[in-house]
Amino acid sequence: MDAGDRLTAEMSSRAQLALHFIERYWDRHSASPSYGEIAAGIGVDRHRARDAVRALERTGRVSRQRGKARGIVLPSRREAVLNELRREGWHINNETLELFPPTYTPLSVPAALDHISAVEGWGNDGADRDSGGSEGDAGDR
């Protein structure tokens, strides 16, 4: 994501206003508002209203039916919750709706740092620490 794709606080607020307007409009009319109606409802021009709807679409809060006038669709409450869980890393079996928590794999030690365990005695339950030094120390004296 480059800097042009990031939402500013103002853009996020505008998207939130647009979402609330769209939800209210659907409740009252059982249909999608036009971009002009969204713009008038939240006090912006049509271009900014369209940008707000695109931002909502990117986050899964609405979907658009391309090529269809008044094609903004709200996901069902269940779909919205499932989308939010997916964004948080949960895995969902779509047939059974069984939820699997996010899995985080432990970070592997880069090859450049492998020597640290030997130096500090991590790999041998402290055996290197108890020996009083490295194997070459006694012969070097």
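None of the figures in this text is laboratory data; all of them are computed from the coordinates on show. Not measured: the values here are computed from a predicted model. Cβ sites come from the backbone with ideal geometry, for glycine too, and all protein chains shown count toward neighbours.
Worth a mention:
- Rough spin-label spacing in nm, given labels placed 7 Å along Cα→Cβ, for LYS68 and GLU88: 3.0 nm
- At an R0 of 35 angstrom, the distance between the Cβ atoms of GLU79 and LEU107 translates into a FRET efficiency of 0.55.
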